1. Only four residue types carry charge here, +1 at the Cβ of Lys and Arg and -1 at the Cβ of Asp and Glu. Report the dipole size of the chain about the Cα centre in Debye, rounded to the nearest 20.
2. Run the quick spin-label model on residue 59 and residue 38: label points 7 Å from Cα toward the beta carbon, then report their separation in nm to one decimal.
3. For the chain, modelled as a Gaussian network with Cα springs under 10 Å, which listed residue fluctuates most, 90, 218, 48?
4. Can you list the lysines whose alpha carbon sits under 22 Å from that of residue 173, skipping same-chain ones fewer than 8 residues off?
5. How big is the chain in terms of Cα radius of gyration and Dmax, in angstroms?
6. What does the extension gain come out to for residue 125 and residue 151, with contour length at 0.36 nm per residue minus their alpha carbon separation?
7. If I model region 18-86 as equal point scatterers sitting on the Cα atoms and use the Debye formula, what is log10 I(q)/I(0) at q = 0.17, 0.28 Å⁻¹?
8. What helices in the chain pass both tests, a Cα length along the helix axis of 15 Å or more and a mean Kyte hydropathy of 1.0 or higher, using whole DSSP H runs?
Amino acid sequence: MAGKVAIIVGGSRGIGAAVARLAAARGYRVVLSYASRAEEAEKLAARIAAEGGEAHAVQADASREGDLVALFDRAAALGPVSALVYSTGITGVPSPLADASADTLRQVIDVNLVGAMLAAREGVRRMSTARGGQGGAIVLISSRAAGLGSAGEYVWYAASKGGMDSFAIGLSKEVGAEGIRVNCVSPGPVATDMLSAERQALGASRVPLQRVAQPEEIAEAVLYLLSDAASFVTGANLAVSGGA
């Protein structure tokens, strides 16, 4: 992977940060985006450099088209973009749908689904062999919530991830002949700051393996799908959920 560029949208925290570190360790030149926590993102980039890798932290709001275009332009200046991981996502405040605001619904769909589509579009424009690219792989971080529904908590979040799953299937068929593979990874509960300690404990109780995942376990699945070991895998959705 030496010299190839991996873009991690939402790469400064949680699963995205674990993916960024592992991608750098595997030889990618990493460009990781963050929405607002610049210090946290820069600390991660410095940690990756200290570990012998290369990472660049770039501010980008995943719901803004202009920010994503600028992110990809910045990454392309470093070398051929060959990997995209869309790892950003929000849930909104848990509640039944009847108590949710329209703003919450729009924000979640904009970040989780529209942002993923825009990022994938920019990735295709740069990776497609039909457009002068060298091919590559896209991995979208979905969620087992898409299949479970998240009733009483955030059905809109589950719906956004269900849309992502369908999008990945269609896009994989659309760009397969252009040298691009598109897959999803669907985690169950993960030990990140998206879930409180109480919600992690509840999630663990619902998982056959009786624990939550560590971000590094999700990252390993992502790097597999980006790698040549998965060269004949596209349109797949890999559940990394402890059996849930």
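1. Details: 22 positive and 23 negative charges, 88 e Å.
Here the chain has a charge dipole of around 420 debye.
2. Result for the modelled spin labels: 0.5 nm.
3. 90
4. Residue 173 reaches 161.
5. 16.9, 50
6. On the way: separation 26, 0.36 × 26 = 9.36 nm, distance 3.70 nm.
Length gained, residue 125 through residue 151: 5.7 nm.
7. Rounded to two decimals, the profile gives -0.57, -1.38.
8. Working: long enough: 14-25 (17 Å, 1.50); 38-50 (18 Å, 0.02); 65-76 (17 Å, 0.38); 115-127 (18 Å, -0.05); 155-175 (30 Å, 0.30); 215-226 (17 Å, 0.86).
Helices passing the filter in the chain: 14-25.
Quick note: the coordinates plus some simple rules give every number you see, no bench work behind them. Everything quoted here is computed from the prediction, not taken from an experiment. Neighbour counts are summed over all protein chains in view; Cβ atoms, including those assigned to glycine, are modelled from backbone coordinates with ideal geometry.
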